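The values are calculated or read from the model by the stated rules, or taken from the named source; none is laboratory data. Computed from a predicted structure; not experimentally measured. Reconstructed Cβ throughout: ideal geometry from the backbone, glycine too, with neighbour counts over all protein chains shown. These accessible areas exclude ligands, DNA and RNA; they are computed on the full protein's heavy atoms, side chains included. Shrake-Rupley method; radii C 1.70, N 1.55, O 1.52, S 1.80 Å.
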Amino acid sequence: MSEERFGEFVLVRRHADGYVAELALDRPKAMNAVSTAMAQSLSAACAALGEDRDVRVVVLTSTHERAFCVGADLKERNSFSDADLLRQRPVARGAYTAVLELAVPTVAAVHGFALGGGFELALSCDVIVADRTAVVGLPEVSVGVIPGGGGTQLLPRRVGAARAAELVFTARRVAAEEARELGLVDQLVEEGRDREEALELASRMAANSPVGLRAAKRALRLGHGLDLRAGLEVEDAAWRSVAFSGDRAEGVAAFNEKRAPRWPGE
C-alpha cells in the first residue's frame with residue numbers, strides 16, 4: 001500500500017495494485033471539520049485521482065475514531081466577514097463537486113458523526129457503508145443556513161422529496177439503524193467494520209472492467225431523473241462507448257476461455 005498526502009488534512013492510500021484508492025479525511029483534532037484548506041486539499045486529491053487511469057474505485061474514509069466528518073468548520077466561519085464567506089463559497093462547493101464528479105464508482109465508509117457537509121460528502125458517493133455507531137443528518141437550518149454541499153438535491157434522490165424535507169426542516173440527527181431503514185445509508189455493518197467492509201466492496205467492484213465501470217456510472221448518473229425513453233438513450237450512448245472497447249473483447253474472451261479477465265482498460 002502506498003500513501004500520498006494532499007495538504008495537511010487529506011491522505012490518499014492505494015490498495016489492490018492501485019485499482020482501489022482510499023481518500024481519507026485526516027483532520028482528527030477538528031473531527032474532520034471542512035476548513036478552507038481541507039476543501040482545497042479534497043479538490044486537489046480528487047483531481048489527481050481523476051487523472052489516474054489505474055484507479056477503478058475510490059473509498060472515502062476517516063482517520064478519526066469517533067467521526068466521519070462533522071461538516072463545515074464553524075469556528076473558521078465565525079471569524080469570516082460576509083466578503084470572506086462569499087470568497088470561500090466556490091472553494092467549499094468545489095470540494096463536494098469534486099467528490100460527486102469522480103468518474104469511477106465511489107464508496108463512503110461512515111462511522112460516528114457524519115453531519116452537515118460531512119453527510120453531504122457521503123451522499124456524493126455512489127454507495128454508503130456505515131457501522132452501528134454512525135449518526136447522520138443535515139442540521140444546517142439549526143444554525144441559520146441550508147445544506148450547501150448538495151444535500152437538498154442528493155437526499156431527495158435517495159429517499160424521496162417528503163422524507164428529505166422532514167429531515168432537512170427538523171435538522172434532526174438519525175442513528176445508524178434508522179438511517180438504514182430510511183435509505184440514508186446502504187449497508188449497515190458491525191462497529192468498527194465500515195472501512196474494511198467498504199474496501200472489500202470496492203475490491204469486488206474493481207475486479208470488473210474499468211471501461212465498463214466508468215460507463216455504467218455515467219449512465220446511472222446522467223439517466224437519473226429522466227423519463228424512461230430519455231434514460232434509455234443515455235444508456236445506449238454509454239453502451240456504444242464500451243461495445244467496441246478492448247475491455248469488451250477481453251471480457252468475452254475470458255468468459256469463453258473460463259479464465260479471469262486481464263482488462264486493458266481501454
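Structural remarks
- Residue within region 63-77 that is open to solvent by less than 10 Å² (accessible area, probe 1.4 Å), under 22 Å from LEU213 (Cβ atoms) and aliphatic (A, V, I, L, M) present: no
- Among residues of region 105-122, those that are open to solvent by 10 Å² or more (accessible area, probe 1.4 Å) and either under 10 Å from the mean Cα position of the chain (by Cα) or at positive phi (or both), counted: 1
- Look at region 188-206: where a residue is more than 19 Å from ARG56 (Cβ to Cβ) and a partner is in a helix (DSSP H, G or I), sitting 6+ places away or on another chain with Cβ atoms under 7 Å, you get LEU188/ALA176; LEU188/ARG180; VAL189/GLU197.
- Residue satisfying condition, being of a type in the set (Asp, Glu) and assigned to a loop (DSSP other than H, G, I, E, B), within set GLU76, GLU22, GLU65: GLU65
- Pair list, Cβ < 7 Å and 6+ apart or interchain, from region 3-15 residues that are more than 12 Å from LEU49 (Cα to Cα) to residues that are among the polar types (S, T, N, Q): GLY7/GLN40; GLY7/SER41; PHE9/SER41; VAL10/SER41
- Some residue of region 30-47 being in contact (Cβ under 8 Å) with a residue 12 or more places away in the chain, crowded, with 16+ Cβ neighbours inside 10 Å and assigned to a strand (DSSP E or B): yes
- Search result, residues across region 173-192 that are in contact with a Gly (Cβ under 6 Å, 6 or more places away or on another chain) and not aliphatic (A, V, I, L, M): ARG173
- Condition check for ARG195: within 18 Å of the chain's Cα centre (by Cα), among the basic types (Lys, Arg), under 24 Å from ALA16 (Cα atoms) and not assigned by the TED database to the domain that holds VAL57: no
- Condition met for LEU85 (in contact (Cβ under 8 Å) with a residue 60 or more places away in the chain and in a helix (DSSP H, G or I)): no
- Among the residues of region 132-141, the ones that are outside any loop (DSSP other than H, G, I, E, B) and surrounded by fewer than 23 Cβ atoms within 10 Å (Cβ to Cβ) come to 3 in all.
- For region 48-62, a residue qualifies if it is under 14 Å from the mean Cα position of the chain (by Cα) and either basic (Lys, Arg) or exposed (fewer than 12 other Cβ atoms within 10 Å of the Cβ) (or both), and exactly one does: ARG56.
- Qualifying positions in region 81-104 - farther than 23 Å from ASP54 by Cα and surrounded by 24 or more Cβ atoms within 10 Å (Cβ to Cβ): ALA92
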